[in-house]
Each structure stands twice: as structure tokens, then as C-alpha cells.
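To start, the structure under review is shown below, and the notes come after it.
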Amino acid sequence: MKTTGFWIIILCGLLVLSVIAFILLKRDTADVALVYSDGVLIEQIDMTAISEPYTFTIETTHGTNTIAVERGRIRVVDADCPDKSCVKQGWVGSGVVPIVCLPHGLVIEFSGGGAPEIDAIAR
Amino acid sequence: MRMTIKKMTLLATLTAAALVIFMVEAQIDLPFIVPGMKLGLANTITLFALFYGPGSAARSATSTSTGAAANTTTGANTNIKNNTDNITTANALLMLIARILLGALFIGRITAFIYSITGGLIGFAAQAAMKKIVTDKQIWVCGAAGAVMHNVGQILAAMLITGTSAIAAYLPILIIAGIITGVLTGMVAQLAVARLAPHKYST
């Protein structure tokens with residue numbers, strides 16, 4: 001049996017490490033938004049090259065997501081999933097924290113500077 | 001598995017309570033950055049079931065028994081430990097699985113079930129392991145460990161299902177959330193065990 005102080009130190013240490021990781025991850029800025037459906041890249045949007053805001057719809061066997069894009073930011077405006085977590089997340093413009101719609105297997109993640117190498121090769 | 005009617009009733013009542021908490025919680029949206037984040041209040045019942053059995057003194061009795069005086073207490077504790085009315089770890093696991101299955105049936109979403117069961121089982125494994133190394137005054141530590149591992153499990157499930165590793169970026173915020181919510185729900189379980197365990201053998 002460890003003392004309570006030992007556990008407090010362990011938990012505080014983990015807390016501090018997570019806060020540091022969280023802050024470090026937030027700092028990234030992104031130029032390219034990548035839209036994945038079930039792990040497959042279906043849309044690649046250069047966030048710096050958008051002049052007019054537009055929306056598009058992604059339909060899969062799981063359901064439908066409507067995505068809006070503006071210069072430098074992106075969001076899910078509508079989804080026919082029950083919880084609508086992705087819609088509530090609102091506009092996202094940067095960072096490594098992606099927009100995720102778990103029921104539909106939809107992920108919108110960001111990539112800094114230009115197109116990612118792996119897709120350049122794949123094309 | 002043979003069990004007394006008293007124990008079966010206790011397990012059923014706890015499972016029902018966990019299910020009600022789970023269902024109520026599923027209706028509440030927490031306005032946090034992470035989508036679908038929950039307090040994990042239903043875990044208080046799992047923690048309670050894990051710690052309502054033999055107390056920490058009885059759990060560690062075999063390792064601390066030295067001298068004649070300690071031996072007599074060990075004898076008494078062994079009786080408590082072998083009491084058939086005790087909720088075992090296997091019982092607690094069955095309760096958890098029953099709650100997640102029934103919860104998924106009531107909510108009616110298969111994806112929600114996959115995340116619940118993955119997080120639930122990994123969190124339970126962490127708590128069952130922690131149970132052996134914490135005292136009855138440290139149940140909140142066990143709660144934090146369970147909540148953090150539950151969230152890690154859900155992230156792993158999400159990464160596997162969507163095939164996207166970027167979801168791992170949620171890990172730091174979910175660990176922070178897990179520690180905070182886990183300590184709180186663990187405290188609730190700790191208070192419940194402290195209040196109820198002394199009355200366990202009075203019928």
C-alpha cells in the first residue's frame with residue numbers, strides 16, 4: 001500500500017504532462033484540411049486559397065455530413081447522426097485536434113504547409 | 001456460479017442503479033471541447049462493487065500477518081474474505097457488461113456500444129489491478145486510473161474504427177478530463193463504501 005501523497009504526486013505529474021502536451025499541440029497552424037471517411041482521404045482543401053465560403057455534403061452508408069469551408073477555417077454545419085458532436089464543435093481553423101464524427105467514421109484533420117507527402121506519392 | 005438470493009438481489013439492484021445513472025448521463029451534454037465527454041458517474045457503481053467486498057485490511061491481510069495478535073485478526077479477516085455474500089471482481093465485471101449491453105440496447109446505437117465496451121473493459125482492468133494496491137481511503141486514485149484508461153481505450157477504439165491516427169491528439173485533454181472526473185466519481189464511491197460497508201454483515 002502506497003501513501004496518499006505518493007498517489008497525489010503521480011496524478012499531479014500526469015496532469016502537468018498532459019497540460020504541457022495539450023499546449024504544445026495547440027500551437028500548430030494548418031494550411032490544409034484533410035477530410036477522411038472511414039480512413040479514406042476523400043477531400044483535400046487548401047485553407048489559404050479559399051476566396052468564397054462554400055459548403056459541400058458527404059454521403060456515406062453511415063449517413064450525411066454537411067461541411068462548410070471559409071478562408072482559414074472549416075466546420076460541420078449539419079449531420080444526421082443522433083449526437084451531433086461534430087456540429088457542436090463549431091469552426092476549427094488550426095491545431096492537431098481534428099473534427100471527428102464517430103458514428104459516420106468522418107474525420108477532418110489538418111496538415112501544416114502544403115500537401116502531405118504520402119498523398120503526393122499516391123497520386 | 002452459486003450465489004445466495006441476497007447477493008443476487010444486491011448485484012441486480014446495483015446493475016439497475018448503474019443503468020439508470022448511465023441512461024440519465026447519456027441525455028446530458030457537457031459543454032466541453034471534447035465531443036461526447038461524460039463524467040462517468042455510472043463508474044461509481046463499478047467502483048463501489050469492487051471495494052464493497054473485503055476492505056483493504058482484509059485484502060492485504062496475507063502480506064501483513066506477523067505475530068500472534070496479527071494472526072487472530074487475519075483469521076477473522078479470512079472469514080470476511082470468504083463470505084459468499086461478497087461481490088467478487090468477476091461479479092463486478094459481469095455487472096459492468098450487463099450495464100453496457102442493456103445501455104446500448106436502450107440507446108440503440110451500435111457505435112456507442114463499441115466505444116462503451118472498449119473503454120469499459122480497459123477501465124475495469126485498470127481498476128481491478130489498482131484495487132490490489134490502494135487502501136479504502138484511496139478509492140479516488142482508483143477512480144482516476146479507471147477514468148484515464150477508459151478514455152485511452154475509447155481513443156484507441158476511435159483510431160481503429162476511423163483508421164485515423166490524428167485522433168490521438170485528443171489524448172492529453174482526455175487524460176486531464178479523466179483525472180478530474182475520475183477523482184470526483186472515485187470520491188463518491190469512496191464515501192458510499194465508507195458509509196455502507198460497516199453495515200454489510202448486519203442483517
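The values are calculated or read from the model by the stated rules, or taken from the named source; none is laboratory data. The model shown is predicted, which means the values in this text are computed figures rather than measured ones. All Cβ positions, even for glycine, are placed from backbone atoms using ideal geometry, and neighbour counts span all protein chains on display. Protein only, heavy atoms only, side chains kept; ligands, DNA and RNA dropped before computing areas. Shrake-Rupley method; radii C 1.70, N 1.55, O 1.52, S 1.80 Å.
Cβ-Cβ contacts under 8 Å between residues 6 or more apart (or on different chains), taken from a first residue in region A:7-21 that is within 7 Å of chain B (Cβ to nearest Cβ) to a second residue that is surrounded by 12 or more Cβ atoms within 10 Å (Cβ to Cβ) and among the small types (Gly, Ala, Ser), are listed as A:11/B:144.
Inside region B:175-203, residues that are surrounded by fewer than 17 Cβ atoms within 10 Å (Cβ to Cβ), assigned to a helix (DSSP H, G or I) and in contact (Cβ under 8 Å) with a residue 60 or more places away in the chain make up a count of 2. Does residue B:109 satisfy being away from chain A (no Cβ under 14 Å) and basic (Lys, Arg)? Against the criterion (away from chain A (no Cβ under 14 Å) and basic (Lys, Arg)), residue B:109 does not qualify. The set of residues in region A:46-69 that are in a strand (DSSP E or B) and at pLDDT below 85 contains only A:46.
Kindly check whether there is at least one residue in region A:84-94 that is within 23 Å of residue B:168 (Cβ to Cβ), surrounded by fewer than 16 Cβ atoms within 10 Å (Cβ to Cβ) and touching an Asp or Glu at 6+ places or on another chain (Cβ under 7 Å). The answer is no; no qualifying residue exists.
For region B:167-174, does any single residue satisfy the condition of being within 30 Å of residue A:111 (Cα to Cα), open to solvent by 40 Å² or more (accessible area, probe 1.4 Å) and within 9 Å of chain A (Cβ to nearest Cβ)? Checked against the condition, which is being within 30 Å of residue A:111 (Cα to Cα), open to solvent by 40 Å² or more (accessible area, probe 1.4 Å) and within 9 Å of chain A (Cβ to nearest Cβ), region B:167-174 yields at least one hit.
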